[in-house]
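Here is the structure we will look at, set down as structure tokens.
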Amino acid sequence: MSRSSDPARTPVAGQAGLPPPLPEPQESGQVSRGDTTGRRRLSVASMGLLLFAVATAAIGQVMLKHGMQVASSRAAQSRGSLVVSAATSPWVLLGLLVFAISAVAWLATLSRVPLSVAYPFNALGYLGILTASILILHERANVLTWTGSLLVVSGLIIVVLARP
């Protein structure tokens, strides 16, 4: 006896014990049940987590750069290994720890926020690193560097505001 593919006998979600389909999750990690605008908003907690992830990544990078400057100087003075000098530098180790914290925060962010929204926020890290490299590391930046960084951040603002 063969089975027929009768559409009237095919179970539909909600019938025959099948669960109804779940609504799509929003960036905030909460499910929207009545959003008819089609526009998704970040919750304050998700935005805070996202900004924390970007800020700690930038801070970690600055700490790593400072640690490597110290390690390079120490290795040159003692004619020792740069690898050993870097591996024993408190700034490098602390920078790696802060960078690891930022990675965990980034993973938590990605569990709540679509990548297409979260990733452009890394542009804020460019400004933070540029500012810190001038103020803390005493590096130089020209007008074109600032202009390019501000254009990248302007792109971030456009992406966030233009979300459908």
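The values are calculated or read from the model by the stated rules, or taken from the named source; none is laboratory data. For clarity, every value in this text was computed on a predicted model and none was experimentally measured. Heads up, the Cβs are rebuilt from the backbone with ideal geometry, glycines too, and the neighbour counts pull from every protein chain shown.
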Q: Look through region 113-125, keep the residues that are of a type outside the set (S, T, N, Q) and in contact (Cβ under 8 Å) with a residue 40 or more places away in the chain, and return whichever of them is surrounded by the most Cβ atoms within 10 Å (Cβ to Cβ).
A: 113
Q: Collect the residues in region 104-142 that are in a loop (DSSP other than H, G, I, E, B) and under 19 Å from residue 53 (Cβ atoms), keeping them in residue-number order.
A: 113, 114
Q: Sort out which residues of region 126-142 are surrounded by fewer than 14 Cβ atoms within 10 Å (Cβ to Cβ) and either within 19 Å of the chain's Cα centre (by Cα) or touching a residue at least 60 places away in the same chain (Cβ under 8 Å) (or both), and write them in order of number.
A: 136, 137
Q | Per-region count, region 143-164, residues within 22 Å of residue 66 (Cβ to Cβ) and either part of a loop (DSSP other than H, G, I, E, B) or more than 19 Å from the chain's Cα centre (by Cα) (or both) | A | 2
Q) Failed condition for residue 47, given (1) of a type outside the set (S, T, N, Q); (2) closer than 30 Å to residue 161 by Cα; (3) in contact (Cβ under 8 Å) with a residue 12 or more places away in the chain, with all others met? A) (3)
**Q.** Odd one out for residue 144, checked against (1) farther than 26 Å from residue 41 by Cβ; (2) touching a Gly at 6+ places or on another chain (Cβ under 6 Å)
**A.** (2)
(Q) Return the residues of region 88-97 that are assigned to a helix (DSSP H, G or I), buried (at least 18 other Cβ atoms within 10 Å of the Cβ) and not aromatic (Phe, Trp, Tyr); say none if nothing qualifies. (A) 92, 95
Q | Residue satisfying condition, being surrounded by fewer than 17 Cβ atoms within 10 Å (Cβ to Cβ) and either modelled with pLDDT under 55 or touching a strand residue (DSSP E or B) at 6+ places or on another chain (Cβ under 8 Å) (or both), within set 41, 79, 33 | A | 33
Q: Pairs only if they're at least six apart or on different chains, beta carbon under 8 angstrom, first in region 61-88 and within 24 Å of residue 125 (Cα to Cα), second of a type in the set (Ser, Thr, Tyr); list them, first residue then second.
A: 62/133; 65/133; 67/89; 68/89; 70/89
Q: Kindly check whether there is at least one residue in region 97-115 that is over 15 Å from the mean Cα position of the chain (by Cα) and within 22 Å of residue 61 (Cα to Cα).
A: yes
